[in-house]
Amino acid sequence: MKSPFVLDASALLCILLDEPGGQRVYSILDHSRIHAVNLAEVIGRLVRSGMPAEKAVAALRELHLEVETEFATKQAEFCGILLGSRRDPSSNIRLSLGDCICLTAAASSGAVAVTADRRWIELDGTVANDETFRVELIR
């Protein structure tokens, strides 16, 4: 059975950068996973902030977090539809590719997407592609 929580990059960064919301993420860490694309976002952010690449990778490995590596055609289609509909200037919520990957990974498996991004709460309970988005804000 897959973990009931899927972490967005912003959620994992709360732990690594000692930001508000980190305690909630710590409390669910053993029941969470992150998509490999979102993991790459975290590493990129840490390296951009001046952390040596080896240290960034080591810090993430120490968390022993389950990393989801699959991105099947059905999920890619779902993600692409969400990305296309949320990049439109008329959309209230503009989402990045990483956002869409986290949201569709969670929705596709019935998990909760965990994020620090307040805009996502507007998606909580929304049904798309016969899947329901469930979102938890950590701060």
Label-to-label distance, nm, for residues given as Ala40 and Asn129 (7 Å Cα→Cβ offset):
1.8
Dipole magnitude of the chain about its Cα centre (Cβ charges: Lys, Arg +1; Asp, Glu -1), debye to nearest 20
260
What residues from region 1-36 fall in the zone where the backbone N is under 20 Å from a label point 7 Å along the Cα-to-C-beta line of Leu97?
7-11, 34-36
Please compute P(r) over all alpha-carbon pairs of region 17-69, binned at 10 Å starting from zero, and give each bin as a whole-number percent.
23, 56, 21
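222 nm [θ] for the chain, helices only, -39500 (n - 2.57) per DSSP H run of 4+, per residue, to 500? Don't skip to the answer; put the middle values down first.
On the way: 6 runs with 63 residues, N = 139.
One gets -13500 deg cm²/dmol as the mean residue ellipticity at 222 nm.
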For Arg139 and Leu63 in the same chain, what is the full-extension length gain: residue separation times 0.36 nm, less their Cα-Cα distance, in nm?
25.3 nm
Compare the peptides 13-23, 50-60 by average per-residue count of other Cβ atoms within 10 angstrom and give them in order, highest first.
13-23, 50-60
As I understand it, the value is the acute angle between the Cα axis of helix 73-86 and the longest principal axis of the Cα atoms of the chain; what does it come to in degrees, rounded to 10?
80
Between Val47 and Asp18, what length comes free when the chain is fully extended (0.36 nm per residue of separation minus the Cα-Cα distance, one decimal in nm)?
8.8 nm
Give me log10 I(q)/I(0) at q = 0.12, 0.22 Å⁻¹ for the chain, Debye formula, one equal scatterer per alpha-carbon, no solvent.
-0.44, -1.42
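Values in this text are rule-based calculations from the coordinates and carry no lab data. Just so we're clear, the structure is a prediction, and the values are computed from it rather than from any experiment. Neighbour counts run over all protein chains shown; Cβ positions are idealised from the backbone, glycine included.
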